[in-house]
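Let me begin by presenting the structure, written as structure tokens, before commenting on it.
The values are calculated or read from the model by the stated rules, or taken from the named source; none is laboratory data. Because the structure is a prediction, the values reported are computed rather than measured. Every residue, glycine among them, receives a Cβ derived from its backbone with ideal geometry; neighbour counts consider all protein chains shown.
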Amino acid sequence: MSLALQMRDYRLTTAEILYHLPDHPAVLQSFVWQNLDLAPRFPELHKFLDFWTRNIEGRLHSVRVGAAEVITPGRWSAPHVLTLQ
């Protein structure tokens, strides 16, 4: 993890992405994404979700996001909720 990014307020961000299986749309699959990102706007996560909607067949159902500062003692901040359009 880049210390330079952490010094610019990037946080370790984890997103649980639920999506519909393309061949079985009634079935949901879970995917976990993790990267350094800026809360609460999450530009890196939004780039990934934009890529997903353009290039991956599984339609997004929901995204749960949590972010934690890495260079401080371990603690978890309140989850953020993204609204999918």
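Annotations
- Number of residues in region 1-21 that are out of contact with any Leu (no Cβ under 9 Å at 6 or more places or on another chain) and either crowded, with 16+ Cβ neighbours inside 10 Å or at pLDDT below 95 (or both): the value is 4.
- The residues of region 34-49 that are farther than 13 Å from Ile17 by Cα and loosely packed, with under 14 Cβ neighbours inside 10 Å, listed by number, are Pro40, Arg41, Pro43, Lys47.
- Within region 21-59, the only residue that satisfies the criterion of being in contact with a Lys or Arg (Cβ under 9 Å, 6 or more places away or on another chain) and either within 14 Å of Leu84 (Cα to Cα) or among the aromatic types (Phe, Trp, Tyr) (or both) is Thr53.
- Residue match in region 69-85 (condition: at pLDDT 80 or above and either assigned to a loop (DSSP other than H, G, I, E, B) or surrounded by 14 or more Cβ atoms within 10 Å (Cβ to Cβ) (or both)): no
- For region 32-46, a residue qualifies if it is part of a helix (DSSP H, G or I) and under 12 Å from Ala15 (Cβ atoms), and the qualifying residues are Glu44, Leu45, His46.
- Positions within region 47-66 being touching a Phe, Trp or Tyr at 6+ places or on another chain (Cβ under 8 Å) and under 12 Å from Thr13 (Cα atoms), in sequence order: Val65, Gly66
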